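Peer 1: Please find one structure pasted underneath; my questions will follow.
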Amino acid sequence: MKILKTLLAVALFAFSATTVSAQDVEYKFKPHFYLDLQGGAQYTLGEAKFKKLISPNVQVGLGYQFSPVIGLRLQANGWQSKGGWNGHRLAIGNEPFTADYKYKYVAPGLDLTFNLSNLICGWNPKRVFNVSAFLGGGANIAWGNGEVNDIAAVVKNLNDYNLENLWDGTKVNVFGRGGLQLGFRLSDYVAILVEGNANILSDKYNSKKAGNADWYFNALAGLRINLGKSYTVVEKPAPEPEPTYVEPEPAPAPAPKPVEVKVDPIRRDVFFQINKAIIQDTESAKIKEVADYLKTNAKAKVNVTGYADAGTGNDKINDRLAQQRADVVVKALIEQYEIPADRISYDSKGAHVQPFAENDLNRVTIMIAE
């Protein structure tokens, strides 16, 4: 029981202190099989000294993680259990009787696992430390109980030492169990696994009649090997450019007044792709035509208005897109073609105004120069 309390204390401390952010990459959980390979020690609850009831223990498990929280593990635990007495007397003044004995077992079973880190903190495949709990049960198959049978052979009265449940050959008991696992991630495929589990059986397991259930506790360490990736990487969409508002540039020194030729007003429509505010190569020529018109007509000014189509998005998205589409055209006129900012006025209508009957054509910035 001390082992489980220690594991729980370590788990709670590390659980609260250890996490790795996965904010820069987006992952999607992938169900997968895994293999557990562990070894350690067992303490069989009994009356002998603590060190006399320690024995080696191994465990192999094959599991399947259905979701970030829930999994199922088929496992086989086994090697050796122990029992015994320490200074037992039938009455005051009698010679004390001390003995210990061991026997072999294998206990296949099924565990339902719960990843507490993912349940409380959210799933993160790159988390360094994970805490899981499990509940399960199965069949404990024990044999090799010769040592306690030899002890019984030299004891005149079996009841003197509570050996009313003495067995020989093979003994099968149903067991239930629960415990905690601490996982330390080394890579996408391998983690160090530390486990503590408590197992309960009938009173007939250790040959002694005590009037209550028999227990043994395992402390194990080993590796968990993922048989396949536990996640897939999902590409995040490119972030939308932040709206940029063009600061008016100082007006250049006045140039010699060109000979003004009277021409009609000019309108050019710059079309954009859905959910974009980037000028396509095919549309750049239209901006140059308006810039040439303004250079030829020194008194002319241009009005730039951005729009978004009403058939997609919502008002918030469309208002932003319309503003960005107006901004990039104004920026091109000023920076590429050196049109003074005081000759440009601009506005955006979002999707509240639709200059074209066809929905897709409303992804547009309209320039009118006169």
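Peer 1: Would you check if there is a residue in the range 182-204 being outside any helix (DSSP H, G or I), open to solvent by 50 Å² or more (accessible area, probe 1.4 Å) and closer than 17 Å to Val69 by Cα?
Peer 2: Taking every residue of the range 182-204 in turn, at least one turns out to be outside any helix (DSSP H, G or I), open to solvent by 50 Å² or more (accessible area, probe 1.4 Å) and closer than 17 Å to Val69 by Cα.
Peer 1: Across the range 242-278, which residue is modelled with the lowest pLDDT among those that are aromatic (Phe, Trp, Tyr) and in a loop (DSSP other than H, G, I, E, B)? Break it down into steps so the answer makes sense when it comes.
Peer 2: Our first condition is that a residue be aromatic (Phe, Trp, Tyr); within the range 242-278, this holds for 245, 271-272.
Narrowing further to those that are in a loop (DSSP other than H, G, I, E, B): 245, 272.
Working: Tyr245: 64, Phe272: 95.
Of everything passing the filter in the range 242-278, Tyr245 is modelled with the lowest pLDDT.
Peer 1: Scan the range 51-87 residue by residue and report those that are open to solvent by 10 Å² or more (accessible area, probe 1.4 Å) and polar (S, T, N, Q).
Peer 2: Taking the range 51-87 and keeping what is open to solvent by 10 Å² or more (accessible area, probe 1.4 Å), we get 51-52, 54, 56, 58, 60, 62, 64-70, 72, 74, 76, 79-80, 82, 86-87.
The answer is Gln65, Ser67, Gln80, Asn86.
Peer 1: Quick one: count up the residues across the range 123-138 that are open to solvent by less than 20 Å² (accessible area, probe 1.4 Å) and among the polar types (S, T, N, Q).
Peer 2: The total comes to 2.
Peer 1: Among the residues of the range 333-347, what is the count of those that are in a helix (DSSP H, G or I) and either over 13 Å from Glu249 (Cα atoms) or open to solvent by 10 Å² or more (accessible area, probe 1.4 Å) (or both)?
Peer 2: Restricting attention to the range 333-347, the residues satisfying the condition of being in a helix (DSSP H, G or I) are 333-335, 341-343.
When the remaining residues are screened for being either over 13 Å from Glu249 (Cα atoms) or open to solvent by 10 Å² or more (accessible area, probe 1.4 Å) (or both), the result is 334-335, 341-343.
Residues that pass the stated criteria total 5.
The values are calculated or read from the model by the stated rules, or taken from the named source; none is laboratory data. For clarity, every value in this text was computed on a predicted model and none was experimentally measured. These area figures cover heavy atoms from the full protein model, side chains too; ligands, DNA and RNA do not enter into them. Shrake-Rupley method; radii C 1.70, N 1.55, O 1.52, S 1.80 Å.
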